[in-house]
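*Asks:* Following this message is one structure expressed as structure tokens.
The values are calculated or read from the model by the stated rules, or taken from the named source; none is laboratory data. In this text the structure is predicted, and so the values were computed from the model without any measurement. Side chains included, ligands, DNA and RNA excluded: accessible areas come from the protein's heavy atoms. Shrake-Rupley method; radii C 1.70, N 1.55, O 1.52, S 1.80 Å.
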Amino acid sequence: TQGLKLPFPNQRHWETAMGGSRGMAPEACTVVEIAEQCVDDSVSELDSGVAKAPDTLREKTAEKTAEELKIEEQAHIEDFTRFTGMSPAKCWKVVLFCLVLRTAAYTWMGMVMLEYTRYYITNEVALITTIDTATGSPQSLLKAFLFPFWGVVSDRASRKKVLVVASLAQAVSAWLLVMMPSLSTLILVRCLSVVGDIRGSIQNAMLRDLFSYSQWERLDGGATGIKSRMAVVWTCASAGAVAIGMGLLKMGDLGLSGLPNEYTAAGQCKNLEVCPKEDGWQIGGALRLLMLMGAVAISCETLVLAFIFPETLRPESRTEQSILAFVRRRWRDFGSPWNNLRVFATVQLRTLLSIRFIHYVIGSGSTAIFMSWYNRNQLDTFTMYTMGVSAGVTGFITMLFVTRIVNRYGDLLGIWVPSTVLSILYGISTALTPASMWYLAYGFFPLFGGPASTLSGFTPALLEKLMPPDVQGTFQTSKDFLYNLQRAIMVWPWLGLYKVSEKWPEPFDMLAVWVAVVLGAVALYMTLVELPKDPAKSISEGKALEPYWETPYVLGRWYRRHGGRRQLQAQADEDVGKVPAVRASLAQAEGASKMSLFLVDEHDAALPNIVQFINNELPRKSSISVVLGFWEAFELPTADREATSAPPTPGGGAASPRFAVVVSVLEQGEGEVEGSPPSPRGGSAGAGAGAAEDDAMPGVRSPSNAWLEV
């Protein structure tokens, strides 16, 4: 219908038609002439005619039955296993294993990065800060322009390849720091992060592929519950990695391992620009050992992604022959990353994105906010670490209840509102606590800070539930565009707030914190205004995407340009006819087709038009799979009985309802469209199975007679 510029009937009409005689369109509604009014008239006619639909057909069901959910989940499992060679459950275990490896690597390297840099690269803290500041803003600007393009690539070509390249860039960065530490290496690593940092967004897009609609939107908290379970694994892995890292550092300090902390041991270099070191590469202490362990862990994860993890992008979504061909053809899109923002097609998505944008601005000031607090209190590392642990404990406890909170209150009321309120209280407590009473932080850090940071981490999941799976890569990187663009700009005003107020008296010396509190209050107000339109109800009913399918973005060219394909979420008004079984069959048989047609009789003009569209618009496709539905003649409305004959059966008489899959191989060359393919049993292959023999269409490649009926 996209190629023919025809409106598609809504989900109810389509599933009603697939449910049996109640939905068979009257003869006047051919595919070429179809329009919403025509379909509405058809359903009204059927409701008042011979095959009147029951009242339940017009009532919206509150939720799918357990049987429907089971059918949907089983269809998803079979379909996912078919094109990946791995079940979703096994793929999920691989994802968690990669998460553990990556968490351990980041934890070990993050623990020692500052001291490692000061010992092996430069001992000038001011120089390190200058490099971070000088590369940070341009780096964010580059990410803002590069990431959206690769998001579209992940939706149209391959998620796995983009993910592997990003992971490989991170592994190379780690090994460069381990093997060749220097200032030039440090700058090169910052440049490589422009490639490596996209892996988080592509990974989030890949996660959507593993789950069915119901699993992603509402079962066990949907995407929010999935992310919370991943966060639990991440927390446990991080705690284990911290224990191992701290153990190695402590053993080195006590002389038990023979690998002391190099920077601590070389106390005489603390006032030097460069610490003296022995010639040649060697594991001279715990700092290099932990960096080496991190590099090995990242490399192992890269190997798992490259050789074990499957490609999760559906075959019909891989519309590009190769990534390089796509880059050569669409390289100009690098200059217009804002086009990805079109993916926020509904008013509600744009409103929620506006609130998230305020969160992004506050996040850009995290360094200035921390430095304002540190400048006032001047606490040592161990004390700050214990405060962080106390906040982490309450954050972890909050994490365990996220699924229950979302199931009961929804994301907007259960996650967005409390996270903003707690963040505001956390900021006010921090700004009002004098330096002489710094120990009060042991109270408000775990009370406000831990739960606030935990709940804030799950706020993006609501937007992910309201976004189709086809354009998840585009969606994730469009958020990156906004975040990185504002970060490249806003980091300087935040730094200015800190520098201006650092000498002011309390509590004004924490001006950056007060500005963050005001911005948080604005975000809270916008969230409360949005509460009456809370999508929790539509999500719980499995209708989260219904408004999205009717947007100009989906009906226009940009949805397809970003890798989307017009698909209808499996939802039924009621268990009518064979709807559940048909839905499962269609989910498994779904191919690269973007159309659906109702053939009324063998002279219907729809078939030639469809064939012409296929030959003109899809020249790379070598075959097309068509799902044909057959009904018994007596089940059809009276107006259609004379024009339609049921397929013959070996025993004679009326045929039983069944499905047949017909595969037609398109030949090269030109010719005429042939008539209905011969049935293996003789006679017609079914009502509307082909065009009339005299309906020739010169100039159109014809299907061969290699028909296969299953």
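*Asks:* Over segment 408-495, give the accessible area per residue in Å² for a 1.4 Å probe, as an integer.
*Replies:* On the way: 3010 Å² over 88 residues.
Solvent-accessible surface per residue comes out at 34 Å².
*Asks:* Moving to a separate point now. Based on the Kirkwood radius over alpha-carbon pairs, what value in µm²/s does the Stokes-Einstein equation return for the translational diffusion coefficient of segment 429-541 at 4 °C and 1.567 mPa s?
*Replies:* Rounded, D is 74 µm²/s.
*Asks:* Please express the Cα-Cα pair-distance distribution P(r) of segment 198-354 as a list of whole percents, one per 10 Å bin, running from 0 to the bin with the greatest distance.
*Replies:* So the P(r) values, bin by bin, are 8, 19, 25, 20, 17, 11, 0.
*Asks:* Here are some pairs, 70/533; 90/227; 93/227; which of them have Cα atoms lying more than 21 Å apart in this structure?
*Replies:* 70/533
*Asks:* While we're looking at this one, here's another question. Quantify, in whole percent, the carbon and sulfur part of the accessible surface of segment 62-191 (1.4 Å probe; protein heavy atoms only). Don't skip to the answer; put the middle values down first.
*Replies:* Values: 3880 of 5580 Å².
Exposed carbon and sulfur together represent 70 percent of the surface.
*Asks:* Average the reciprocal distances over every distinct pair of alpha-carbons in segment 381-425, invert the result, and give the Kirkwood radius in Å. Intermediate values should be presented prior to the final figure.
*Replies:* Details: mean 1/r = 0.0849 Å⁻¹.
Roughly 11.8 Å, rounded to one decimal.
*Asks:* Ignoring any ligand, DNA or RNA, what whole percent of the accessible area of segment 453-569 comes from carbon and sulfur when the probe is 1.4 angstrom? The partial results should precede the final answer.
*Replies:* Numbers: 3260 of 4700 Å².
About 69 percent, which is the carbon plus sulfur part of the accessible surface.
*Asks:* Restricted to Cα positions, what overall size does segment 138-253 have along the principal axes? Three whole-Å values, descending.
*Replies:* So the three principal-axis extents are 51, 37, 22 Å.
*Asks:* Label segment 303-387 by shape, choosing from rounded, prolate and oblate, from the square roots a ≥ b ≥ c of the eigenvalues of the Cα gyration tensor; if a/c is under 1.5 it is rounded, and otherwise prolate applies when a/b is larger than b/c, oblate when it is not.
*Replies:* Prolate.
*Asks:* Probe of 1.4 angstrom, ligands and nucleic acids ignored: what's the accessible area per residue over segment 300-392, in square angstrom?
*Replies:* 48
*Asks:* Continuing with the same structure: Carbon and sulfur together cover what percent of the accessible area of segment 364-411 at a 1.4 Å probe radius? Could you put the intermediate results ahead of the total?
*Replies:* On the way: 1730 of 2610 Å².
Heavy-atom surface of segment 364-411 belonging to carbon and sulfur, 1.4 Å probe: 66 percent.
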